[in-house]
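The values are calculated or read from the model by the stated rules, or taken from the named source; none is laboratory data. These numbers were taken from a predicted model, which means no experiment stands behind them. So basically every Cβ, Gly included, is an ideal-geometry build from the backbone, and we count neighbours across all protein chains shown. When the accessible area is computed, the model is the full protein with side chains, heavy atoms only, and any ligands, DNA or RNA have been set aside. Shrake-Rupley method; radii C 1.70, N 1.55, O 1.52, S 1.80 Å.
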Amino acid sequence: MWRNYACAWLAYMVLLAVVLRLADSSQHGYNWRGLIPMLWIVPQAFVLALHWPLSGWMERRHVPFATRCLIHGVGAPTYAILSYALPGLLYETTQPLSFYVWPVLYSMMGYGVIATAFHMIRANDARRRQEVAVQQAHALLVATELNALRSKLNPHFLFNTLHSIIALTRKDPNAAETALFQFSDMLRYVLDTEKTGNDRVTLDDELRFVRDYLELESLRLGARLHVDWELDDAASSHLLPALSLQPLVENSIKHAFNPHSRPGRLLIRTRLDAHTGRLVLSVGDDGPGADIGRVRASNGLGLRTVERRLQLEYGTDEGLAIDTAPGAGFVVTMAIPVPANDKEFT
């Protein structure tokens, strides 16, 4: 700022020197002695620089706008009169008083320009600080809500899985023991993401967790559960929020297989859409389906939590799409922007 301030005054002095030369074109050489009075601009520039600490004092004290106008209303004519009264006393100028009217007004205008510029710089800095504070507060709010959503999702997953193991215990104790070992591996995945504080995992890690979950459920459902996989290898290393795919699978298990004894088919797809720049994941079943209006009005935690996490993480309201109808199965598609995943994963 001070460099720009000094350069502006230097440019102003050069402009005055050029104007003086053009105003006296009859001389063959440049009248350097005529520039001596211009040296008075230097102390003027230093005096006007006091506006910076003055504006800072006004900002810290929250001086009202009317008081600021009053201070400058007194300061501008005082500065302008002293700027020309003092040289007049030093050089014993004998010009009439009317000769100084326009220079005084011009000096008052210069005072106003400098004062306004410094106040605008401080106001702009304050606005930027406020924007940063708002962004930090918003980021903190988003992080807090994400943690709250995750805190809801983890117990939801644990409760439902334990409920499945309990049901398996009554049916097949040996299979229940195997399920407990399977569950311990799944629990380790959940705890690892909690411990690191980073809820981003690769798609491969999330798919491995989903496979463990499906193996546990297959112990309970047996031959009724058929799972087909259509996986895009190019998408395997991209990142997504932990426990974002598993709730979609759990939703299909709960609504397509649990209430019915007939076999069912579960289809899990992953693909990298180069055209839209999104990682697209979908989970579908051939179960009884549901009315889309009732699904949206449902109090179910899984789908609503995943949808809200996508909104907070990626700022999109179209991250989760549901395609269902009575008797037509249930398909949930999740789309994650790829650029948001292009980060170093540790």
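Do we find that residue 218 is at negative phi, at pLDDT below 85 and surrounded by 14 or more Cβ atoms within 10 Å (Cβ to Cβ) in this structure?
yes
Quick one: in region 316-346, which of the residues that are at pLDDT below 85, of a type in the set (Asp, Glu) and over 15 Å from residue 239 (Cα atoms) is least open to solvent (accessible area, probe 1.4 Å)?
317
Going by what's in this entry, would residue 63 be described as at pLDDT 80 or above and not in a helix (DSSP H, G or I)?
Answer is yes for this residue.
Could you please let me know if residue 167 is in contact with a Lys or Arg (Cβ under 7 Å, 6 or more places away or on another chain) and surrounded by 15 or more Cβ atoms within 10 Å (Cβ to Cβ)?
no
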